[in-house]
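Enquirer: Structure incoming, see below.
The values are calculated or read from the model by the stated rules, or taken from the named source; none is laboratory data. Only a predicted model underlies this, so the values are computations on that prediction, with no experimental measurement involved. Note that each Cβ is placed from the backbone with ideal geometry, even for glycine, and that neighbours are counted across all protein chains shown. All accessible areas refer to the heavy atoms of the entire protein, side chains included, with ligands and DNA or RNA removed. Shrake-Rupley method; radii C 1.70, N 1.55, O 1.52, S 1.80 Å.
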Amino acid sequence: MSHPSVSSIIVWSATSLCTFACSTASASFTLHSSYSSWSAAVGGGDATIDFNLGSITPVTTQYQSLGVTFAPFSATAFPSSTVASDGWLAVTGFLAEHKMTLTYATPQVGIGFDLIQSFFVDLYFQGTLIYSSPELNALVHGISGTQTFDKAVLRSVTGDTSKVDNIYVANPIPGPASAALLAAIGLGRRRRR
């Protein structure tokens, strides 16, 4: 059995440190070490999934007004006065193999979060995996990209129940009909002046 040399461990450690300290990119996705960096990258105007549902409750369609639904058994809202910023968090579902699955009504360019424990994040578009993150911890507050996705899966690193405080939803990307409507409204306002 061979062991890594001290110099290879130092190189690996420096690379790992940069992964968490620097803004890192993979393909068309970037990891953000601050909420403000993530929010700026996705165009701001984001909404918060705070998991404050008033009681211990499975999370499914409660955030449908934000364009997000959760797969059955993939998340449960829990009160927590010690680790959650607002007193509420979500726990991954043990019946869903400790994965929290979010499906979006419109394509997204980013997902933000306040992680309490480490997760892997997989992003999908129309059923195809387009990005799989390295292990993310509380130092990472979001992922943004130029490629859109319509489903995100947060997977427990430990294979056990894991917790997340908040999830942030980026501005929806307008479809062609919405973009045309916005352009027409803009032209109408311009002509009135």
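Enquirer: Against the definition (of a type in the set (A, V, I, L, M), within 11 Å of the chain's Cα centre (by Cα) and farther than 22 Å from Ser85 by Cβ), how does Leu123 come out, yes or no?
Expert: Details: of a type in the set (A, V, I, L, M): yes; within 11 Å of the chain's Cα centre (by Cα): yes; farther than 22 Å from Ser85 by Cβ: yes.
Yes; evaluated as a whole, the condition is true for this residue.
Enquirer: Within the group Ala138, Ala105, Ala41, which residue is surrounded by 15 or more Cβ atoms within 10 Å (Cβ to Cβ) and of a type in the set (A, V, I, L, M)? Write out each step before concluding.
Expert: Values: Ala138 fails: surrounded by 15 or more Cβ atoms within 10 Å (Cβ to Cβ); Ala105 fails: surrounded by 15 or more Cβ atoms within 10 Å (Cβ to Cβ).
Among Ala138, Ala105, Ala41, only Ala41 is surrounded by 15 or more Cβ atoms within 10 Å (Cβ to Cβ) and of a type in the set (A, V, I, L, M).
Enquirer: Another one. Given the conditions (1) touching a helix residue (DSSP H, G or I) at 6+ places or on another chain (Cβ under 7 Å); (2) surrounded by fewer than 16 Cβ atoms within 10 Å (Cβ to Cβ); (3) not in a loop (DSSP other than H, G, I, E, B), and given that Gly112 satisfies all but one, which numbered condition is not satisfied?
Expert: Gly112 satisfies all of (1) touching a helix residue (DSSP H, G or I) at 6+ places or on another chain (Cβ under 7 Å); (2) surrounded by fewer than 16 Cβ atoms within 10 Å (Cβ to Cβ); (3) not in a loop (DSSP other than H, G, I, E, B) except (2).
Enquirer: Kindly provide the set of residues from region 76-92 that are without any contact (Cβ under 8 Å) to a residue 60 or more places away in the chain and open to solvent by less than 10 Å² (accessible area, probe 1.4 Å), ordered by number.
Expert: The answer is Ala77, and nothing else.
Enquirer: In region 27-49, what residues are within 21 Å of Tyr131 (Cα to Cα), small (Gly, Ala, Ser) and either modelled with pLDDT of 95 or more or not in a helix (DSSP H, G or I) (or both)?
Expert: Selection gives Ala27, Ser28, Ser33, Ser34, Gly43.
Enquirer: Looking at this structure, is Phe120 out of contact with any Pro (no Cβ under 8 Å at 6 or more places or on another chain), aromatic (Phe, Trp, Tyr) and either outside any loop (DSSP other than H, G, I, E, B) or open to solvent by less than 60 Å² (accessible area, probe 1.4 Å) (or both)? Working first, answer last.
Expert: Details: out of contact with any Pro (no Cβ under 8 Å at 6 or more places or on another chain): no; aromatic (Phe, Trp, Tyr): yes; either outside any loop (DSSP other than H, G, I, E, B) or open to solvent by less than 60 Å² (accessible area, probe 1.4 Å) (or both): yes.
Answer is no for this residue.
Enquirer: Could you look through region 61-89, keep only residues that are closer than 20 Å to Val121 by Cβ and among the β-branched types (Val, Ile, Thr), and pick out the one that is nearest to the chain's Cα centre (by Cα)?
Expert: Val68
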